[in-house]
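Visitor: For reference, the structure I am asking about is given below.
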Amino acid sequence: MRFMACSNIMVKDEISSAGSKMLYNFKAPFGADVYDRCIGKGMEFAGLIETDEFGIDSLFEQNTDAAITAMLENRCDFVLCNDLFGKLQRQAPGHGLVYINPAYGAVSRQGLIPAVSSMDRIGVLCRNIDDGCRVISAISDGVSDFAKEIPDKATEYKDISQLKYTDIIPYVFYILASAEISGNTARYDGVKFGFRAENAQNLNEMYLKSRTEGFDRDTQLAIITGCMVLSKDNYNKLYHKAMQIRRLIAEHYTRLLDECGFLALSPSVTGKNNLERSVFCLLSSLCGFPSISMKHGDSERLFVYKG
Amino acid sequence: MKYEVVMGLEVHTELATKSKLFCSCSAEFGGQANENVCPACAGMPGMLPNANKRAIELGIAAGIITNSRITPTISFDKKNYFYPDLPTGYQITQLFAPICKDGYVDIETADGGRRIGLTQIHLEQDAGKLVHSYDLSLVDYNRAGVPLIEIVSKPDFRSAEEVVAYLEKLRQILSFAGVSDCRMQEGSMRCDVNLSVREAGSDVLGVRTEMKNMNSLKAIVRAIEYESQRHIDALETGSEILIQETRRWDDNKGVSYSMRDKEEAADYRYFPDPDILPIDISDEWIAAVKSTLPESAGDKFARITGQLGISEYDAGIITASRKLSDIFDKLTQKGLPPKDVVSWIVTELLSMDTQENKSNDDIDIDCDKFADLLLLVERKEINRNTAKKILSLIYNQNIDPIDYVAQNNLGMVSDTGLLEGIVSEVLAENPSSVEQFLAGNEKVSGFLMGKAMAKTAGKADPAAVRMILMEALGRL
Ligand SMILES: [Zn+2]
C-alpha cells in the first residue's frame, strides 16, 4: 500500500513542519513510530501532506482538508493523520472516504508533533473499512476488528435523551484542548530551532515577534484561550471544571457503550461553528473512544466504540 | 522593641542519578556545552517523557530520611514560563501530588536541639544555563532535565544559625543516603529564603520577602543578616514600605534588590502534565528502597563513638561525608583497627589535597591500595613515614603500594643486629652529643635518633631504633 502522512507526523530528515511557519525548516531528527511500522510492513511512503497548523481546525472556515484532496487525486491508498478536531471525520463520508480513529493510546504518539497530548492519536483516512483495519492493525499492538460491529443497515437512534452533554462537549473540548496547545506550543520561541523573527531589540521582543509571525490565527487564538483558562483567576472556574465535566461525560458514555456496544452518531451536525458541527467527533476525542466515520447506506455515520 | 525573624527555606538539590528525569541523557556534571542533550531535553517536539525510576526512588529515599509521608500516587505538572534556559517553555514539576509531605529534620545549635518541619518535597527538572559573552547569550542544556528535589520547610527558623545547622544537616543526611551530592559550588544545592520580621511574642507574621541566588553558606548568613535588618529598619523608621516580593541577593555588593519586574507578573499556569501518567508508590516499593539505604549518619556516629571508641571529633568528620564514611567502612572490613584507620583518614588522607573549594566528598582514592598500605604498616613491613609518602603516591598517581615497596627496597629495617651496629656508629660519630646527654640534656636523644634513622634512609622501625639507642645510652 502507498501511504502519505500529515506533516505533524515526523519523518526522519524530512521537513516536518506540522503546517507551521514556526517549523518551516525543522528537519525531524527521528521518525515517528507509525512511519517506521508502515515501512516495516513493506508499505510505500508517498510523501508528507500539509496539515492545518498542528492539526488545529479553524473555528469557522470549512475548506477541504489537503488529506482528502490527496486521496481524491489518488496519490496514495491512505493517509496517517491526527484528526483531533474532527475535521476529517466531518468531511470524509461526503467524499466517499472512511476515517478510522483507534482508541487513545493504542497507537504510539512518539514522533507526532503534539497539540493536545491527552487526545492526540494517529488515525487513518482511507477508502474502505478493510484497508483501514489493516493499517490500524499494522500500526497498533492490538488487532483491530471494528468491521464486524458495523450493522448491515443504518440503526435508528433508540433513545436520543441518552445523548447527554452535547451542548457543552464542544466547549469542554476547546477549554482543555487550548490549555494543552498553549503548553505544547511554548517550546516554539525562536531560541533553539525553527523560525526566529528578525530585527528584535531584546529577548522579549524576539519571543513576541517570532510567535506573532510564526503562528497562524487559529493557533494564536487557542494559545491565548489556553493561557486564559489556566490563569490563576480562571483555573478552577474553567480548566478544572472542564476536567470534572470531562470525567462525567466519559463515565456516562462508557456506561451507555457498555449497554449498547456501539453508538451510531452523526459526524457532522448543524452548529454555529466547527466545534459544534463536530460535537460527536469531539466526544470521541475527549473520551479517547475509537470511532469510524463513513457513508453507511444513505447516511453519514460516526460509529463510536468503547475501545 | 525586640524583634523576631521568621524564616522558611526552599532547598533545591540535584539527585545523584546517572541519567536525566525524563530521558536517558547523562546527568553527570561538567562536559562540553550541549554534550548531554537529546531531542527530548532540547525541547524538540515528538518525544514523550519517560520517568526515571531511579529519580523516583531517590525521592522516596529523601522522604524516608526526613521522616516524611510518601504520597501513594504521585503525578507531574507543567509550570509554564518563558526563559531561554528552559527548552520546552515549561518545567515539569509536582504541584498537586508531591512525592513527600509532612516530614521533619532535627537540628542542633548552640541553644540546643530544634525540630524543623517540612511541608513537602517534590521532584522537578533543572533548567539549562545561560552563558553571556560580549553581545551574545549562549545556552548550554547539559543541566536541562536533570532531576531535582525541592525541599520546602515550614516557617520554623528563627536565626541564621539555625538555617546553617539545617543546611548542613540536610547536606549530611542526603549525601549520606546517596540521594544527592549536595555541592553548593556546582549549583547542585541551592536555597531560597522566605523571611519576615515581627515583634517578639506576636503571633502575626510580618510582610514576607523571598531571597534567591545565594550559593554558599556564608552568602546565606550575610543575606539573612542584611534582609532582617532591612525589615527591622523599615518597621522602626518607616524608611520604606515592605511589600511581599522576590529579591535577588548580590553577594559582591552585600545587598538584596527587588526582582519584581521580572517575577511578580509571572502566572505559571500550572496544570497536570497529560504526557505523564500518575505513578503508584506501593508500600513494598518504599520498603525495598528503605532496605537499600545505608546506616544513617546519626546511627553510624553513635556506633563508632560507642562501640569502636572513636572520638566524637573524628567521628563527626567521618560521618559528615559519605565518601570518608565509605572509605572507613572498606578499610575496617579488611580487618584494620578502626582507630588507626580514622587516624590515617583524618590526619593523613585529608591533608593530601588542600585545594580551595574541595570538599571531603571529592576525595578519590583506591581503597584496596589504601588498605594494602595500612596492612604493610600494621605488619611492621614499612614505617609510618614511608607509608605517608606512599599514600601521597597512591592518591596522586595511583601506584600499587606492595610493588612500590618491593621495587624501591623500602621494607622496614627491624633487624636488631643491624640496628645495633648503626646505633654504635652514630654514638661513635657524635661524641659531643653523647656527652651532652650524659650531662643530663635528654633532648639530644632526638638528634641521635634522627641520625640513626637517616643511616637507614628512613626505613628503620623508629620504635626499635629508639629502644636500642636508649639501651646503648643507658649502658654508657
Ligand atoms: Zn536528553
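The values are calculated or read from the model by the stated rules, or taken from the named source; none is laboratory data. Keep in mind that what you see is a predicted model, and the values were worked out from it rather than measured. Methodologically, a virtual Cβ is constructed for each residue, glycine included, from the backbone with ideal geometry; neighbour enumeration extends over all protein chains shown. All accessible areas refer to the heavy atoms of the entire protein, side chains included, with ligands and DNA or RNA removed. Shrake-Rupley method; radii C 1.70, N 1.55, O 1.52, S 1.80 Å.
Visitor: Looking for whichever is buried (at least 20 other Cβ atoms within 10 Å of the Cβ), touching a strand residue (DSSP E or B) at 6+ places or on another chain (Cβ under 9 Å), charged (D, E, K, R) and more than 26 Å from residue B:317 (Cβ to Cβ) here; the options are B:143, B:158. Which one fits?
Guide: Numbers: B:158 fails: buried (at least 20 other Cβ atoms within 10 Å of the Cβ).
Unique residue meeting the criteria: B:143.
Visitor: Which of (1) outside any loop (DSSP other than H, G, I, E, B); (2) touching a residue at least 60 places away in the same chain (Cβ under 8 Å); (3) within 23 Å of the chain's Cα centre (by Cα) does residue B:180 not meet, given it meets every other one?
Guide: (1)
Visitor: List every residue pair whose Cβ atoms sit under 7 Å apart, with the two residues 6 or more apart in sequence or on different chains, where the first one lies in the range B:23-41 and is near the ligand (Cβ under 8 Å from one of its atoms) and the second, anywhere, is outside any loop (DSSP other than H, G, I, E, B).
Guide: B:25/B:19; B:36/B:26
Visitor: In the range A:102-127, what residues are more than 14 Å from chain B (Cβ to nearest Cβ) and at pLDDT below 95?
Guide: Those that are more than 14 Å from chain B (Cβ to nearest Cβ) and at pLDDT below 95: A:102, A:103, A:106.
Visitor: Same structure, new question: Please list, ordered by residue number, the helices (runs of 4 or more DSSP H) wholly in the range B:366-476 having 1 or more residues that are out of contact with any strand residue (DSSP E or B) (no Cβ under 8 Å at 6 or more places or on another chain) and more than 30 Å from residue B:332 (Cβ to Cβ).
Guide: Numbers: elements: B:367-378, B:384-397, B:401-407, B:416-429, B:431-438, B:444-455, B:462-475.
So the answer is B:416-429, B:431-438, B:444-455, B:462-475.
Visitor: Can you tell me which residues in the range B:256-301 are modelled with pLDDT of 90 or more, surrounded by fewer than 15 Cβ atoms within 10 Å (Cβ to Cβ) and not charged (D, E, K, R)?
Guide: Listed by number, the residues that qualify are B:277, B:278, B:282, B:287, B:288, B:291, B:292.
A quick yes/no check of all residues on (1) within 14 Å of another protein chain (Cβ to nearest Cβ); (2) over 20 Å from residue B:146 (Cβ atoms); (3) out of contact with any Lys or Arg (no Cβ under 8 Å at 6 or more places or on another chain):
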site	(1), (2), (3)
B:66	no, yes, yes
B:104	no, yes, no
B:107	no, yes, no
B:115	no, yes, yes
B:120	no, yes, no
B:123	no, no, yes
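Visitor: I need every pair where a residue in the range A:224-246 that is within 12 Å of another protein chain (Cβ to nearest Cβ) has its Cβ under 7 Å from the Cβ of a residue that is open to solvent by 70 Å² or more (accessible area, probe 1.4 Å) and in a helix (DSSP H, G or I), sequence separation at least 6 or different chains.
Guide: Within 7 Å, the pairs are A:234/A:228.
Visitor: Filter the range B:302-319 for residues that are surrounded by 13 or more Cβ atoms within 10 Å (Cβ to Cβ) and not hydrophobic (A, V, I, L, M, F, W, C) and give the result. It would help to see each step written out before you state the result.
Guide: Residues of the range B:302-319 surrounded by 13 or more Cβ atoms within 10 Å (Cβ to Cβ): B:302-305, B:308, B:310-311, B:314-319.
Passing the criteria: B:303, B:305, B:311, B:314, B:316, B:319.
Visitor: Output the number of the condition that residue B:78 fails; it satisfies all remaining conditions of (1) within 14 Å of the ligand (Cβ to nearest atom); (2) within 14 Å of chain A (Cβ to nearest Cβ); (3) basic (Lys, Arg).
Guide: (1)
Visitor: For the range B:90-98, state whether one or more residues are away from the ligand (no atom under 14 Å from the Cβ), without any contact (Cβ under 8 Å) to a residue 60 or more places away in the chain and part of a loop (DSSP other than H, G, I, E, B).
Guide: The answer is yes, given that some residue of the range B:90-98 is away from the ligand (no atom under 14 Å from the Cβ), without any contact (Cβ under 8 Å) to a residue 60 or more places away in the chain and part of a loop (DSSP other than H, G, I, E, B).
Visitor: Something else: Mind listing whichever residues of the range B:43-53 are within 12 Å of the ligand (Cβ to nearest atom), closer than 28 Å to residue B:280 by Cα and within 14 Å of chain A (Cβ to nearest Cβ)? Steps first, please.
Guide: Step one: of the range B:43-53, the residues within 12 Å of the ligand (Cβ to nearest atom) are B:43-44, B:47, B:49-50, B:52.
Still in the running and closer than 28 Å to residue B:280 by Cα: B:43, B:47, B:49-50, B:52.
Within the range B:43-53, B:43, B:47, B:49, B:50 qualify.
Visitor: Going residue by residue through the range B:55-67, is there one that turns out to be assigned by TED's automatic domain parsing to the domain that holds residue B:210, over 21 Å from the mean Cα position of the chain (by Cα), touching a residue at least 60 places away in the same chain (Cβ under 8 Å) and within 16 Å of the ligand (Cβ to nearest atom)?
Guide: No, the conditions are met nowhere in the range B:55-67.
Visitor: Could you tell me how many of the residues in the range A:161-195 are surrounded by 17 or more Cβ atoms within 10 Å (Cβ to Cβ), of a type in the set (D, E, K, R) and either more than 10 Å from chain B (Cβ to nearest Cβ) or in a helix (DSSP H, G or I) (or both)?
Guide: The total comes to 1.
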